[in-house]
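Peer 1: Let me give you the structure first, and then I'll get to my questions.
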Amino acid sequence: MNKEQAQTFAEEWIDAWNSHDLDEILSHYSDDFEMSSPAIIQLTGEASGVLRGKAAVGEYWSAALKKFPDLKFTLRHTLCGANSVALIYEGVLGLSNEVFHFGEDGKVIRAYAHYDL
């Protein structure tokens with residue numbers, strides 16, 4: 001992952017969320033990806049904070065988009081890792097950081113969200 005690839009992913013990801021287009025948001029992820037977030041605990045009651053699979057996460061994000069109809073993310077910074085990217089952005093939960101791990105096909109296989117709760 002180089003800086004240009006990371007920045008391209010970041011801009012496309014932010015644009016997808018800001019468009020509220022769930023299909024476009026989900027296009028970045030593999031079918032069996034795993035999402036970890038403290039917001040999952042708050043919004044779904046899933047004690048582990050982890051959802052597995054595009055269908056489960058899609059339902060969760062669909063509910064989140066309905067709950068926050070004015071949702072907008074503002075990208076603050078992009079960091080590169082080994083087959084991963086970390087995005088720092090402002091969102092409905094304040095300052096946020098998400099780390100995305102990519103599979104061989106270039107799709108996200110795991111994502112970890114962090115918030116200043």
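Peer 1: Please count how many residues of region 93-113 are more than 12 Å from the chain's Cα centre (by Cα), closer than 17 Å to S37 by Cβ and either charged (D, E, K, R) or part of a strand (DSSP E or B) (or both).
Peer 2: Result for region 93-113: 2.
Peer 1: To continue, here is another question. So, D70, is that one surrounded by fewer than 16 Cβ atoms within 10 Å (Cβ to Cβ), touching a residue at least 24 places away in the same chain (Cβ under 8 Å) and part of a loop (DSSP other than H, G, I, E, B) or not?
Peer 2: So D70 fails the test.
Peer 1: For Q42, work out the one condition from (1) more than 22 Å from G103 (Cβ to Cβ); (2) surrounded by 17 or more Cβ atoms within 10 Å (Cβ to Cβ); (3) of a type in the set (S, T, N, Q) it doesn't fulfil.
Peer 2: (2)
Peer 1: Taking the conditions exactly as written (more than 12 Å from the chain's Cα centre (by Cα) and either surrounded by 14 or more Cβ atoms within 10 Å (Cβ to Cβ) or free of Cβ contacts under 8 Å to residues at least 60 places away in the same chain (or both)), does H20 satisfy them or not?
Peer 2: Yes.
Peer 1: Separate question: Please give the number of the condition H28 fails out of (1) in contact (Cβ under 8 Å) with a residue 60 or more places away in the chain; (2) within 17 Å of I88 (Cα to Cα); (3) in contact with a helix residue (DSSP H, G or I) (Cβ under 9 Å, 6 or more places away or on another chain).
Peer 2: It is condition (2) that H28 fails.
Peer 1: When the residues of region 1-22 are narrowed to those that are out of contact with any strand residue (DSSP E or B) (no Cβ under 6 Å at 6 or more places or on another chain) and among the aliphatic types (A, V, I, L, M), which ends up farthest from K66 (Cα to Cα)?
Peer 2: A16
Peer 1: Out of everything in region 80-92 that is surrounded by fewer than 17 Cβ atoms within 10 Å (Cβ to Cβ) and in contact with a helix residue (DSSP H, G or I) (Cβ under 9 Å, 6 or more places away or on another chain), what residue ends up being nearest to D32 (Cα to Cα)?
Peer 2: Ranking the candidates gives G81 first.
Peer 1: Taking region 6-35, which residues are among the hydroxyl-bearing types (S, T, Y) and more than 15 Å from L87 (Cα to Cα)?
Peer 2: Listed by number, the residues that qualify are S19, S27, Y29, S30.
Peer 1: Residue check, D31 against (1) touching a Lys or Arg at 6+ places or on another chain (Cβ under 7 Å); (2) crowded, with 16+ Cβ neighbours inside 10 Å, all met but one. Which one?
Peer 2: (2)
No value in this document is a laboratory result; all are computed from the given coordinates. For clarity, every value in this text was computed on a predicted model and none was experimentally measured. Every residue, glycine among them, receives a Cβ derived from its backbone with ideal geometry; neighbour counts consider all protein chains shown.
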